[in-house]
1. Sort 35, 81 so the one with the fewest other Cβ atoms within 10 Å of its own Cβ comes first.
2. Just want to confirm a number: the relative contact order over the chain, from Cα pairs under 8 angstrom separated by 6+ residues, in percent.
3. Residue by residue through the range 252-262, what is 3J(HN,Hα) from phi via Karplus (6.51 cos²θ - 1.76 cosθ + 1.60, θ = phi - 60°)? Round to whole Hz and write x for glycine and proline.
4. Under a Cβ-Cβ cut-off of 14 Å, what is the net charge of the residues other than residue 143 that fall near it, where Lys and Arg count +1 and Asp and Glu count -1?
5. On full extension of the chain, what length is gained from residue 282 through residue 25, given 0.36 nm per residue of separation minus the C-alpha to C-alpha distance?
6. Quick one: 266, 315, fewest Cβ neighbours within 10 Å first, how do they rank?
7. Sort 183-190, 27-34, 222-229, 116-123 by the packing proxy (mean of other Cβ within 10 Å over each peptide's residues), most packed first.
8. Determine the shape class of the range 137-295: with a ≥ b ≥ c the square roots of the Cα gyration tensor eigenvalues, call it rounded for a/c under 1.5, and otherwise prolate if a/b is greater than b/c, oblate otherwise.
Amino acid sequence: MKKQIMSVLGVCVLPVLLFAVFSSVTGGFGIHSLRIILSQCMIPVTMGLAMAVVMQAGLMDFSPGVRVVFGAATGAVLAGRFGVAGLFAGCFLGAMAGGVVIALLYRYLKIPSMVVSMGVVLVMEVMGYKLSEAAGSSGILKVTNEISEWGSYPNNIILTLIACVIFYFVMYHTKIGCLIKAAGNDEVMLKHMGVDTDKVKFKAFIISGIFCTFGAVLQICYSASVSIQTGMVTMNMVFKPMMGVLIGLQLIRLWDNMPLMVFIGELTIAIIFNGFIAMGLTDNIQNMVLGAFLLIVMGISQNSEGFAEMKRKKEVRKQGPGTQQAEA
């Protein structure tokens, strides 16, 4: 019980500490900022869940941004005809379409997931823009305030919580969830056991579409509109969710609850950037910090095993020559 309590405190200390620091150094940042921070990190959380499924399968996917935007666009179009039912149906169809295409191309054409996802980004951005033109609005689609209430505060938190529960159930209590994590940990061993790992990864992309659907609903409801641009603009949307997932992958060593760790990671990122805004820092400086932070997190993530081995060897040296001989 004591270990679990320490784990909970360990994963919460980072966002709490950052919030306290920014609250003390910035007058415009404090408890009143919590609602804004929570609302802003809900979309990255759902996108982070989508990326976490694929990343735990040992793949990389840069398409959640465009899938969220395309799903939001499709939801906006159908919401104009069928109301709330059209919103959710459109977001589901639009968000799932990209996942299905990537899954098919990856499995049957053997194209690397990163390359496939970037190609899908280019195609779906253009498709989304053409969809907005067909709807009579070049690049911007809107929904009514009544419909946007379904994804506004506090409903956005409820929808994100539902997405987290679905993620936890799928990844921790189903066979496919266990296979996805196994494929990411040791794909060769899984193949020797007779498991079709390509099929497992195919399903990972499909499952990620579920969480892109939640992101699409939140995206269109955040400001009752969605802006559709081309030129791989949606690629920028994936970096904050990616950093949150990478932070979560480090925190998961303290407590094996990936959706909670993704939330903690995205909350940390939201606190940092809202703190910078309160301090009056420019977008260029924020982007520099984003890039530096991404490099630091990636560096720690990719070398965590090496750090652990260095720590183990250091402890062995402290224990004396006899222990070193026993280790040898």
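Taken together, the values in this text are just the output of simple stated rules run on the coordinates, not laboratory data. Not measured: the values here are computed from a predicted model. Neighbour counts run over all protein chains shown; Cβ positions are idealised from the backbone, glycine included.
1. Working: 35 12, 81 9.
Lowest count first: 81, 35.
2. On the way: 478 pairs, mean separation 93.9, N = 328.
Worked out over the chain, it gives 29 percent.
3. So the Karplus estimates, Gly and Pro as x, are 5, 5, 7, 8, 7, 8, 4, x, 5, 5, 5 Hz.
4. Numbers: positive: 81, 142; negative: 146, 149.
Charge balance in the 14 Å sphere: 0.
5. Values: separation 257, 0.36 × 257 = 92.52 nm, distance 1.73 nm.
Going from the current span to full extension adds 90.8 nm.
6. On the way: 266 29, 315 10.
By the 10 Å Cβ count, ascending: 315, 266.
7. Working: 183-190: 14.9, 27-34: 13.2, 222-229: 18.0, 116-123: 20.1.
Highest to lowest by the protection proxy: 116-123, 222-229, 183-190, 27-34.
8. Working: a/c = 1.85, a/b = 1.45, b/c = 1.28.
It is prolate, given that a/c is not under 1.5 and a/b is the larger ratio.
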